[in-house]
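Some notes on the structure that comes next.
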Amino acid sequence: MTRAYFSLGSNVGDRGAHLALGVAMMSEDQPYRVSRVFRSEPVGGVAQDDFWNLVLEVTTEESPHVLLARVRATEAAALRTREVRWGPRSLDVDIIWMDNVTCDDEELTVPHPRAFERNFVLVPWRELRADLVSDEDIRRADGAVQVLGTLETLH
């Protein structure tokens, strides 16, 4: 068993419902914990609404590539489209970290190569794993985040 961490974000439609769907599908039949939900400005220069973000921890026996297949199925269930790079999305799910696991191939890189550059990942992740995310990591990363509440209170 290993702990895997996922960053989930949404800025289209019912953001709370999309995040709840993502948590349910990514944690199905597995122990999990979830951070609070944070609002963040979009990254990438495309004009769009703010995101709601959270980090999910799942205890799993699944491999990185099996988890990637689950990520893709989860995004598809939320009707995610990929029309513009870094554009608006109903649900974005990234594998950001797996304890004692690395992967680097054409399909997947774990740990996520940009996780430590983005506060919308680091701040909620720190709620679950303060030993992996330092104050200095958060100071160096880009983007302001604002606590919105828990997924239960927002959905």
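The values are calculated or read from the model by the stated rules, or taken from the named source; none is laboratory data. Worth saying up front: this structure is predicted, and the values here are computed from it rather than measured. Every residue, glycine as well, gets a Cβ built from its backbone with ideal geometry; the counts of neighbours run over all protein chains shown.
Across the range 50-87, the qualifying residues are those that are of a type in the set (Phe, Trp, Tyr) and crowded, with 18+ Cβ neighbours inside 10 Å, and the one among them that is nearest to Arg33 (Cα to Cα) is Trp52. Between Val66, Val71, Val46, the distinction of being outside any loop (DSSP other than H, G, I, E, B) and touching a residue at least 24 places away in the same chain (Cβ under 8 Å) belongs to Val71 only.
Of everything in the range 118-137 that is in a helix (DSSP H, G or I) and either modelled with pLDDT under 95 or more than 16 Å from the chain's Cα centre (by Cα) (or both), the residue that is farthest from Ser35 (Cα to Cα) is Glu136. Name every residue in the range 21-57 that is among the hydrophobic types (A, V, I, L, M, F, W, C) and under 12 Å from the mean Cα position of the chain (by Cα), in order of residue number. Matches in the range 21-57: Val23, Met26, Val34, Val37, Phe38, Phe51, Trp52, Leu54, Val55, Leu56.
Starting from the range 1-28, take each residue that is buried (at least 23 other Cβ atoms within 10 Å of the Cβ) and part of a helix (DSSP H, G or I) and list its partners that are at pLDDT 95 or above and of a type in the set (Gly, Ala, Ser), counting only C-beta distances under 6 angstrom and pairs at least six apart or across chains. Close Cβ pairs satisfying both conditions: His18/Ser10; Leu19/Ser10.
Within the range 88-108, one or more residues are under 19 Å from Leu21 (Cα atoms) and among the polar types (S, T, N, Q). You will find that of Leu108, Leu128, the residue that is among the aliphatic types (A, V, I, L, M), farther than 21 Å from Asp14 by Cβ and free of Cβ contacts under 8 Å to residues at least 60 places away in the same chain is Leu108 and no other.
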